[in-house]
Structures are given as C-alpha cells and as structure tokens.
Amino acid sequence: DYVMLRVGYRGYTEGNIRLDPYFYQNIEGALAAGLEVGVYFFSQAVTVEEALEEARFVLDCIAGYDISFPVVFDWEPVSSDYARTNGLSTQVLCDAANAFCSEIEAAGYTPMIYFNLFAGYIKYDLSQVMENDFWLAQYSDTPSFYYDFQMWQYTSDGIVAGIEGGVDMNICFVNYARR
C-alpha cells in the first residue's frame with residue numbers, strides 16, 4: 001500500500017550529508033507502481049542547524065514528487081567510539097528533531113520521528129516532541145511501547161517480490177494519503 005524510502009543520511013563520523021544512491025530510482029519505481037510514498041532521512045545531527053540542513057536537503061530531493069506519507073527524522077544512536085553523536089544531550093536531540101519537523105511541516109508535508117524503544121524511552125524526552133507523529137521500530141509480535149504511535153516497524157525480515165533480501169515491514173495506523 002505504501003513505502004517509506006530513505007532519501008539520504010549523514011555520516012556518523014565525518015558528518016557529511018549523502019544521497020541514498022538508489023533514492024531516485026526507488027521513488028520513481030514506487031510512484032510508477034501506484035504506491036503511496038513517504039521518506040526518511042537517517043540523521044546524525046548534533047545541532048539544530050544540522051537538522052535544518054538535513055530537512056532542507058530532503059525538501060530539495062523530494063521537490064516535484066507526490067509525497068503523501070510522512071517525511072521522517074530518523075536519528076539513531078550509533079555503536080561506535082568514533083560516532084560524532086556520542087554524548088549528545090537529550091535537549092539537543094529534541095531541539096534538532098523539532099527543528100527538522102517544523103521545517104518539513106512548513107513546507108506542507110507531515111513530519112514524523114522514527115525511533116526504537118531505547119531511543120524513545122532513553123534518548124528523547126517524549127514530552128518535548130509529542131506534537132509530531134511517531135514511527136516505532138520494535139521487532140515483536142505486538143508492540144509494548146506505552147505511548148501512542150502512528151506507524152509500527154515490526155520486522156526487518158519481510159519478503160517483498162522484486163526485492164532481494166530482508167525488508168523492513170511496517171503497519172500504519174493512519175491513512176496519510178487521505179488527510
């Protein structure tokens with residue numbers, strides 16, 4: 001019914017923004033197949049300014065495409081001694097997420113924040129980002145997250161015809177295409 005495509009990412013050591021090499025091929029193929037499309041950016045922002053830079057990069061990349069599902073801020077802790085996000089404060093993370101989402105919303109898209117249980121409970125202060133929709137990653141038969149969320153990523157081992165290897169599978173509880 002829908003697909004969430006990675007637009008790009010920020011390097012976790014050097015901090016450069018990179019385009020996903022398959023983004024344009026993927027978005028054009030998804031739209032040609034009649035799928036609703038949402039996008040995400042794998043952030044490693046360490047300042048509000050970097051989060052805004054990421055949002056503007058995403059907006060430039062999706063200009064002219066029919067994006068009917070959310071545009072997502074996907075910040076995840078990286079397990080590396082060299083990750084530039086090591087020690088990032090909860091306040092800076094929440095401010096960065098809100099800045100990204102505000103920029104996306106101002107451009108007319110639905111913003112969303114992606115996280116797993118650890119990031120949702122430990123890295124974020126959810127009370128500071130509650131105005132945004134949430135996309136929860138919890139690989140289980142049923143989610144146990146205490147708070148409301150609008151999309152649930154329940155496995156990374158899904159099978160989709162035409163795609164080699166495991167695929168992240170999601171259930172969306174909101175029909176964003178009809179909003």
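What follows draws every value from the coordinates through simple rules; no lab data is involved. Source: prediction; values computed, not measured. When we count neighbours, we look across all protein chains shown, and the Cβ atoms used for this are built from the backbone with ideal geometry, even at glycine.
Can you tell me the mean projection area, over all orientations, of the convex hull of region 2-49's alpha carbons? Units nm², please.
Over every viewing direction, the Cα hull of region 2-49 projects on average to 3.7 nm².
Across region 72-170, how large is the tail of the calculated P(r) beyond 18 Å, expressed as a percent of all Cα pairs?
52
Hey, quick one: spin label on Tyr82, modelled 7 Å out along Cα-Cβ, who in region 1-38 has an amide N within reach, i.e. under 15 Å?
Flagged as within label range: 11-16.
For Asp133, what residues show an amide H to amide H distance below 5 Å, using hydrogens built from the backbone and excluding near sequence neighbours?
Answer set, sorted by chain and number: Ile113.
Quick one: among Val46, Val160, Val58, which has the greatest mean-square fluctuation in a GNM of the chain with alpha-carbon springs under 10 angstrom?
Val160
Please work out the Kirkwood hydrodynamic radius for the chain, using every pair of different C-alpha atoms, and report it in angstroms with one decimal place.
The answer is 16.6 Å.
Check which residues have an amide H placed less than 5 Å from Tyr40's amide H, if you skip close sequence neighbours.
When sequence neighbours closer than 5 places are left aside, the close amide H contacts are Leu5, Arg6, Val7, Val72.
Among Glu28, Glu76, Glu53, which one shows the highest mean-square fluctuation when the chain is modelled as a Gaussian network with alpha-carbon springs under 10 Å?
Among Glu28, Glu76, Glu53, the largest GNM mean-square fluctuation belongs to Glu28.
Just to be sure I understand: of the beta bridges DSSP finds with both ends in the chain, what percent are antiparallel, rounded to 5?
Roughly 25 percent of the beta bridges in the chain run antiparallel, per DSSP.
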